[in-house]
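Student: Mind looking over this structure? Questions follow.
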Ligand SMILES: [Zn+2]
């Protein structure tokens with residue numbers, strides 16, 4: 001099998017950790033670090049258009065509060081997993097607070113999209129055994145919070161406590177520089193679609209996970225909100241990346257479907 005999982009962290013704009021608080025803030029653009037959601041909401045619409053154009057069913061890892069705050073029309077044809085409730089560093093929480101965050105995140109998905117989530121990505125990609133082993137208590141079967149070396153074959157693996165890990169690949173580009181399958185540098189103007197297509201071309205079998213954030217479709221971390229022309233070019237780049245990888249023979253699918261398929265093949 002050759003599957004492309006397009007994954008999206010649906011979280012507050014340019015999220016940052018705020019000292020002394022479990023709840024994440026947004027990068028201070030002059031009015032403090034209170035969380036903002038407008039780029040995330042606008043970017044979701046842009047991304048849903050790109051996914052519609054390319055016929056891709058994606059997996060959104062939705063942070064509970066963001067999901068409850070923004071308009072989430074259009075998510076119904078995609079998988080919706082969880083990404084914390086307040087974008088907490090879950091590894092820093094007590095067992096009680098970790099479970100509070102998980103159960104509020106699950107409840108938000110149930111309320112907003114009327115389905116029970118089965119997939120998870122940790123805020124800041126930070127997990128430990130306590131977090132991973134709490135996931136099954138909340139019906140979560142699939143995790144995508146780790147990076148793994150790019151290679152000819154990328155398959156899900158079982159973690160302690162029974163969760164299946166579908167990692168985000170990372171490797172080296174043609175000039176020997178480190179590259180991960182997170183589109184972050186492309187949104188900042190530092191990478192081209194071809195860089196990610198080349199990464200995927202190294203994978204002969206298994207699942208290529210590509211990742212991004214909704215807010216990053218319309219707001220640069222370094223330069224602030226994008227103008228219309230920049231946002232449109234940014235969306236076109238995402239579309240080119242997806243189409244380039246599909247042209248290599250990858251079939252787009254969700255995280256839960258990809259793991260089920262890979263495990264069925266393995267028998
Ligand atoms: Zn996040």
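Student: Return only the number of the condition from (1) within 11 Å of the ligand (Cβ to nearest atom); (2) in a strand (DSSP E or B) that residue 3 does not satisfy.
Tutor: (1)
Student: Restricting to segment 29-69, name every residue that is in a helix (DSSP H, G or I), surrounded by fewer than 20 Cβ atoms within 10 Å (Cβ to Cβ) and within 16 Å of the ligand (Cβ to nearest atom).
Tutor: 41, 68, 69
Student: Have a look at 255, 259, 238, 207 and point out the one that is touching a strand residue (DSSP E or B) at 6+ places or on another chain (Cβ under 9 Å) and over 25 Å from residue 87 (Cβ atoms).
Tutor: 207
Student: Hey, another quick one. Can you go through 189, 176 and tell me which one is free of Cβ contacts under 8 Å to residues at least 24 places away in the same chain, surrounded by fewer than 20 Cβ atoms within 10 Å (Cβ to Cβ) and on the phi > 0 side of the Ramachandran plot? It would help to see each step written out before you state the result.
Tutor: On the way: 189 fails: free of Cβ contacts under 8 Å to residues at least 24 places away in the same chain.
Selected residue: 176, the only one of 189, 176 that is free of Cβ contacts under 8 Å to residues at least 24 places away in the same chain, surrounded by fewer than 20 Cβ atoms within 10 Å (Cβ to Cβ) and on the phi > 0 side of the Ramachandran plot.
Student: Moving on to the next point. Residues 75, 48: which one is closer than 14 Å to residue 212 by Cα and at pLDDT 95 or above?
Tutor: Checking each option against the conditions leaves just 48.
Student: Between a residue in segment 1-30 that is on the phi > 0 side of the Ramachandran plot and without any contact (Cβ under 8 Å) to a residue 40 or more places away in the chain and any residue that is within 11 Å of the ligand (Cβ to nearest atom) and part of a strand (DSSP E or B), which pairs come within a Cβ distance under 9 Å, given they are 6 or more apart or on different chains?
Tutor: Going by the 9 Å Cβ cut-off, there are no qualifying pairs.
Student: When segment 107-136 is examined, which residues are found to be assigned to a helix (DSSP H, G or I), away from the ligand (no atom under 16 Å from the Cβ) and either touching a residue at least 60 places away in the same chain (Cβ under 8 Å) or more than 16 Å from residue 164 (Cβ to Cβ) (or both)? Can you show your working first?
Tutor: The first filter runs over segment 107-136 and keeps only residues assigned to a helix (DSSP H, G or I), leaving 107-113, 123-125, 129-136.
Then drop every residue that is not away from the ligand (no atom under 16 Å from the Cβ), which leaves 107, 110-113, 129-130, 132-136.
Scanning segment 107-136 gives 107, 110, 111, 112, 113, 130.
Student: Condition first: within 18 Å of residue 7 (Cβ to Cβ), away from the ligand (no atom under 15 Å from the Cβ) and either assigned to a loop (DSSP other than H, G, I, E, B) or touching a helix residue (DSSP H, G or I) at 6+ places or on another chain (Cβ under 8 Å) (or both). Now tell me which residues in segment 70-105 satisfy that.
Tutor: Residues satisfying the conditions are 72, 74, 75, 76, 78, 79.
Student: Next question, about the same structure. Give the residues of segment 151-188 that are at pLDDT 95 or above and part of a helix (DSSP H, G or I), sorted by residue number.
Tutor: Listed by number, the residues that qualify are 184, 185, 186, 187.
Student: Assuming residue 13 fulfils every condition listed in (1) within 15 Å of the ligand (Cβ to nearest atom); (2) more than 17 Å from the chain's Cα centre (by Cα) apart from one, which condition is it?
Tutor: So residue 13 meets the others, but not (2).
Student: Of all the residues that make up segment 199-228, how many are in contact with a helix residue (DSSP H, G or I) (Cβ under 7 Å, 6 or more places away or on another chain) and buried (at least 24 other Cβ atoms within 10 Å of the Cβ)?
Tutor: 9
Student: Looking at (1) under 21 Å from residue 238 (Cα atoms); (2) in contact with a strand residue (DSSP E or B) (Cβ under 8 Å, 6 or more places away or on another chain), which one does residue 157 not meet, given that it meets all the others?
Tutor: (1)
Student: Further question on the same structure: Given 87, 83, which one is at positive phi, touching a residue at least 60 places away in the same chain (Cβ under 8 Å), touching a strand residue (DSSP E or B) at 6+ places or on another chain (Cβ under 7 Å) and buried (at least 24 other Cβ atoms within 10 Å of the Cβ)? Walk me through how you get there before you give the answer.
Tutor: On the way: 83 fails: at positive phi.
Only one candidate qualifies: 87.
Student: Determine whether residue 142 is out of contact with any strand residue (DSSP E or B) (no Cβ under 9 Å at 6 or more places or on another chain) and crowded, with 24+ Cβ neighbours inside 10 Å.
Tutor: Here the answer is no, as residue 142 does not meet what is asked.
Student: Assigned to a helix (DSSP H, G or I), within 23 Å of residue 80 (Cβ to Cβ) and touching a helix residue (DSSP H, G or I) at 6+ places or on another chain (Cβ under 8 Å) - does that describe any residue in segment 189-198?
Tutor: no
The values are calculated or read from the model by the stated rules, or taken from the named source; none is laboratory data. The structure displayed is predicted, hence computed values, not measured ones. Note: ideal-geometry Cβ built from the backbone for every residue, glycine included; neighbour counts use all protein chains shown.
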